[in-house]
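Taking it in order: structure first as structure tokens, then the write-up.
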Amino acid sequence: EEPSKPRPEQKPGLRVAGGKVNTTISQSGKLVYPKKREVDLGDGRVRKETVFILRAEDSQPIGDGLQQLTGVKLELYDDDKHAVTLNASRAFLELGRGADGQPKISDSKAIDLRDTVVTSEPDSRLAGLRLELGDAKVNVGDEEIQLTTAEDQPVTLELEGRRSAKLTGRGARTRLPRSRASSLKQASVTILSDPKLTSEDVQVQAAGRMHYVEDLVSGAARIKLEERVELRLQEAKLGSADATRGGGQTASIARGSQFTGWLLRSRERPTSPAFKGRQRGDMIWQRLVLTGATATIETPGLRVETPSITLRPGPLGEPAVITAHGGPSRVLQTETDESSSQDGLLVGRSPRRIHLVRPGQSAGALHVMMGFPSWTTMCLQQQ
């Protein structure tokens, strides 16, 4: 039979069954949720360690145990020290109740974030890292932090310092160690499509995936891009507009199927009192390798076709020596100097390595560091 009285509408919140009466507990307003775990110190001693603190300017129930938060800040801790902050405009999570009646977040449930921005604290192991993920899901475990996005979400990774780099693309898979005691000692970011790396003198873009892995102990990092890779090397602008052909910046363009770059993210403690003990990172290229069925590099006036291309930096980190290797290489001259009496363009082959050396990026850079005016190194820049 139909009930004589209509049932009352079920309000959103956490349902609690007690005998014949079903009740709903809901929470709204400002929320501060600290998550702690117990660390065994031996001899029966236990220390409570902060895992994270979740803060929200406002919260309200929107379903059975589902809570919506606005103005969200998730502070992640490393050995009880604030290390990473996640900011989001909104968050959705399943909120339960502990034995003491206080709000509780299940460890097995992900927190669904909107407009996510991840920033590292200046004195943490990830200092200088900023990650914009759009809509993302975060899982905070005892060993690691996982952040994932849908494949169409725009992603930006910035490595800040005196020499900075930016990586952009769509879709991301991120793993970060939660603490120094974690078995995971590396931070990794995978961009799923349309990756592009931009730094002061190197730009790389590809059609496939990009993998960034950084060893948090040594600071050594590796960046790998796949499928239809284009590498652009931008030479520094000289003091004189007539110093190089074209009167300004010139670029060398290399193309291949796979790019791997090794760099070092050093962290030093500046002596300037303005930094107040904070660390500032510096990104230095160690080596760059481009491979393909046929990798090519084009510099002003010259084109080289080769199986592999390796670039080594000068004293300031700019690529100074370009090496063609991995098998026979072909060299094609694409233009001649206007003052040259040469007839036709040079075409050559070599079964051995070919080195393209830029003295202006090595010896010239050292002269500029020691105070020589840039016009005095003009002859090195033109070689």
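General remarks:
- Residues located in segment 345-367, provided they are open to solvent by less than 50 Å² (accessible area, probe 1.4 Å) and either part of a loop (DSSP other than H, G, I, E, B) or at pLDDT 75 or above (or both): GLY348, SER350, ILE354, LEU356, ARG358, PRO359, SER362, ALA363
- Taken as a whole, segment 109-120 holds at least one residue that is at pLDDT below 80, within 21 Å of ALA150 (Cβ to Cβ) and in a loop (DSSP other than H, G, I, E, B).
- Scanning segment 181-199 for residues being within 21 Å of ARG312 (Cβ to Cβ), open to solvent by 20 Å² or more (accessible area, probe 1.4 Å) and in contact (Cβ under 8 Å) with a residue 60 or more places away in the chain gives a total of 0.
- Once segment 61-76 is narrowed to residues that are touching a residue at least 40 places away in the same chain (Cβ under 8 Å) and in a strand (DSSP E or B), the residue that is most open to solvent (accessible area, probe 1.4 Å) is ASP64.
- Restricting segment 368-377 to residues that are open to solvent by 50 Å² or more (accessible area, probe 1.4 Å) and in contact (Cβ under 8 Å) with a residue 12 or more places away in the chain, the residue that is nearest to the chain's Cα centre (by Cα) is MET369.
- Residues satisfying the stated conditions in segment 334-355, i.e. within 38 Å of the chain's Cα centre (by Cα) and more than 16 Å from PRO307 (Cβ to Cβ): THR334
- Looking at GLY128, GLY171, GLY219, GLY208, just one residue is modelled with pLDDT of 90 or more, open to solvent by less than 30 Å² (accessible area, probe 1.4 Å) and on the phi > 0 side of the Ramachandran plot, and that residue is GLY171.
- Restricting segment 280-305 to residues that are of a type in the set (S, T, N, Q) and in contact with a Pro (Cβ under 8 Å, 6 or more places away or on another chain), the residue that is modelled with the highest pLDDT: THR291
- Scanning segment 147-165 for residues that are modelled with pLDDT under 90 and open to solvent by 80 Å² or more (accessible area, probe 1.4 Å) yields GLU160, ARG162.
- Among residues of segment 293-307 being open to solvent by less than 20 Å² (accessible area, probe 1.4 Å) and in contact with a Gly (Cβ under 7 Å, 6 or more places away or on another chain), the one that is farthest from ARG222 (Cα to Cα) is THR306.
- Segment 31-57: number of residues that are among the acidic types (Asp, Glu), at pLDDT below 85 and assigned to a strand (DSSP E or B): 3
- Residue selection: THR50 fails the criterion of being open to solvent by less than 20 Å² (accessible area, probe 1.4 Å), under 23 Å from the mean Cα position of the chain (by Cα) and of a type in the set (S, T, N, Q).
- Note on segment 131-192: enclosed strands (runs of 3 or more DSSP E) holding 3 or more residues that are closer than 19 Å to ALA206 by Cβ are 154-159, 165-177.
The values are calculated or read from the model by the stated rules, or taken from the named source; none is laboratory data. Note that the structure is predicted; figures quoted are calculated from it, not measured. Every residue, glycine as well, gets a Cβ built from its backbone with ideal geometry; the counts of neighbours run over all protein chains shown. Heavy atoms of the whole protein, side chains included, go into the accessibility calculation; ligands, DNA and RNA do not. Shrake-Rupley method; radii C 1.70, N 1.55, O 1.52, S 1.80 Å.
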